[in-house]
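Participant: One structure follows; several queries about it will come next.
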Amino acid sequence: MYAFERDLRPAGNGFGGVAPASLGCTVTAYDAGRAANFNFPLLPIQIVDGTDGAPDQVISLYGGAEVASLSLSFNASTVTSKSLDSNGGSSRGGLMLGDVMLVVSGASCGLIEITDNTHSDARTINHGQGTYPRHYPAAKVNIASDNDYEYVSAPAPTTNPTVRYNAAAGYHVTTSGTLFNLGRRDLPRRNIWQITNGNLTVTDDFHNGPELSIGDGIVNLQAQYGLSTSSPPTWQETAPANWASVIAIRVALLARSQQYEKENVNTNADGSDKVPSWSGGAFTMTNADGTPDTTPDSPNNWRRYRYRVYETTVPLRNSLWGQSP
Ligand SMILES: [Ca+2]
């Protein structure tokens, strides 16, 4: 639960200032790592609600921690460039080769990777093809003092990186818009948390990573959005009508012992089933093999195992959804 919770806290980092109307916008992206287009909703946190109490998915989205949440307006666009609006006080300073940026223009959203920041107008960045001079070191170093990955004194750059996140066709919006810096391309995460074969797993979708097992013996995951529409917050698992009202998420994991008990060990005093529950309600129990409950007299009966529930509530403070930075 610790790794899970730790991954939810930075949700929204890097694009907290996005306009409420653009939350949920489909981000058009390309990834040379998978040699294909991909896309994802522009949401700090997304719950994919399981059918009839089946495990939910929870998806976090955030940029690199060292990047200040900063919105930069632009007023000119081509398929391979964006020009910052100098009249708006924006500055290109701080945008580095290898940074990936969200491009937000109303209902149009995209992802670009900076390949040139040397234009003489001091406000244009390019997101083209091929290689570009290496700015960031090739590998990250684990700083033991805070157990965080950071980029320190670079090893001498020997090879130039090849662009990863720019489609050959480029990305163009016809109007002005806003850029949000997610930091160097290794850092953003779109982590998909789910239950697979009794394991809690996480998949780094941003980098097309493998599904990694974080914990075994986990048979359910349930999650709810906390909405600020009333006080105290209301909780729901379905997508909110207004994404900007989401101020927290709460999640629960249901762990099942390996030990098969010869008798039912989940029984109330009156003989009824004692069903494991969390703040969001009772878990939907199934046979141990995942099929609907049939009360079998066998190890397939969920009542013959002991359970623990892990639960946490995470405020989404970093995102400040829908508010200007
Ligand atoms: Ca659910």
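The values are calculated or read from the model by the stated rules, or taken from the named source; none is laboratory data. This is a predicted model, so every value here is computed, not measured. All Cβ positions, even for glycine, are placed from backbone atoms using ideal geometry, and neighbour counts span all protein chains on display.
Participant: Can we say Thr229 is within 18 Å of Ala54 (Cβ to Cβ) and either away from the ligand (no atom under 16 Å from the Cβ) or not in a loop (DSSP other than H, G, I, E, B) (or both)?
Facilitator: On the way: within 18 Å of Ala54 (Cβ to Cβ): no; either away from the ligand (no atom under 16 Å from the Cβ) or not in a loop (DSSP other than H, G, I, E, B) (or both): yes.
Taking the combined requirement at face value, the residue does not satisfy it.
Participant: Looking only at residues that are more than 16 Å from the ligand (Cβ to nearest atom) and among the aliphatic types (A, V, I, L, M) in the range 249-283, which one is surrounded by the most Cβ atoms within 10 Å (Cβ to Cβ)?
Facilitator: From the range 249-283, those more than 16 Å from the ligand (Cβ to nearest atom) are 255-274; that's our starting set.
So of that shortlist, the ones also among the aliphatic types (A, V, I, L, M) come out as 255, 265, 269.
Values: Ala255: 20, Val265: 14, Ala269: 6.
Top of the filtered list is Ala255.
Participant: Something else now. Restricting attention to the range 292-310, which residues are crowded, with 17+ Cβ neighbours inside 10 Å and free of Cβ contacts under 8 Å to residues at least 40 places away in the same chain?
Facilitator: The answer is Asn300, Asn301, Arg303.
Participant: Still on this structure: Hey, can you tell me all the residues within the range 108-124 that are more than 14 Å from Val173 (Cβ to Cβ) and either surrounded by fewer than 18 Cβ atoms within 10 Å (Cβ to Cβ) or touching a Leu at 6+ places or on another chain (Cβ under 8 Å) (or both)?
Facilitator: Going residue by residue through the range 108-124, those that are more than 14 Å from Val173 (Cβ to Cβ) are 113-124.
Of everything in the range 108-124, those that are more than 14 Å from Val173 (Cβ to Cβ) and either surrounded by fewer than 18 Cβ atoms within 10 Å (Cβ to Cβ) or touching a Leu at 6+ places or on another chain (Cβ under 8 Å) (or both) turn out to be Ile114, Thr115, Asp116, Asn117, Thr118, His119, Ser120, Asp121, Ala122, Arg123, Thr124.
Participant: For the range 224-239, indicate whether the set of residues that are closer than 30 Å to Pro10 by Cβ, touching a residue at least 24 places away in the same chain (Cβ under 8 Å) and of a type in the set (Ser, Thr, Tyr) is non-empty. Step through it out loud before you land on a result.
Facilitator: First, pick out the residues of the range 224-239 that are closer than 30 Å to Pro10 by Cβ: 224-239.
Now restrict to residues that are touching a residue at least 24 places away in the same chain (Cβ under 8 Å): 224-226, 235, 237-239.
Right, trim to of a type in the set (Ser, Thr, Tyr) and you get 225, 238.
Checking the range 224-239: at least one residue is closer than 30 Å to Pro10 by Cβ, touching a residue at least 24 places away in the same chain (Cβ under 8 Å) and of a type in the set (Ser, Thr, Tyr).
Participant: Right, another one. Considering only residues of the range 195-214 that are touching a residue at least 40 places away in the same chain (Cβ under 8 Å) and touching a Leu at 6+ places or on another chain (Cβ under 7 Å), which is farthest from Pro133 (Cα to Cα)?
Facilitator: Ranking the qualifying residues of the range 195-214, first place goes to Ile195.
Participant: Next question, about the same structure. Scan the strands (runs of 3 or more DSSP E) fully inside the range 21-64 and keep the ones with 2 or more residues being within 16 Å of the ligand (Cβ to nearest atom) and in contact with an Asp or Glu (Cβ under 9 Å, 6 or more places away or on another chain). Can you show your working first?
Facilitator: Numbers: elements: 26-31, 36-41, 45-48, 57-62.
It comes to 45-48, 57-62.
Participant: Kindly list the number of the only condition in (1) out of contact with any His (no Cβ under 9 Å at 6 or more places or on another chain); (2) of a type outside the set (Lys, Arg); (3) within 24 Å of Glu113 (Cβ to Cβ) that fails for Pro188.
Facilitator: So the condition that Pro188 fails would be (1).
Participant: Another one. Out of all the residues in the range 24-36, is one or more at pLDDT 90 or above, outside the structural domain of Phe283 (by TED's automatic domain parsing) and under 30 Å from Val309 (Cβ atoms)?
Facilitator: Here is the first cut: in the range 24-36, the ones at pLDDT 90 or above are 24-36.
In the following step, the residues that additionally are outside the structural domain of Phe283 (by TED's automatic domain parsing) were identified as 24-36.
Adding the requirement that they be under 30 Å from Val309 (Cβ atoms) leaves none.
Checked the range 24-36: no residue is at pLDDT 90 or above, outside the structural domain of Phe283 (by TED's automatic domain parsing) and under 30 Å from Val309 (Cβ atoms).
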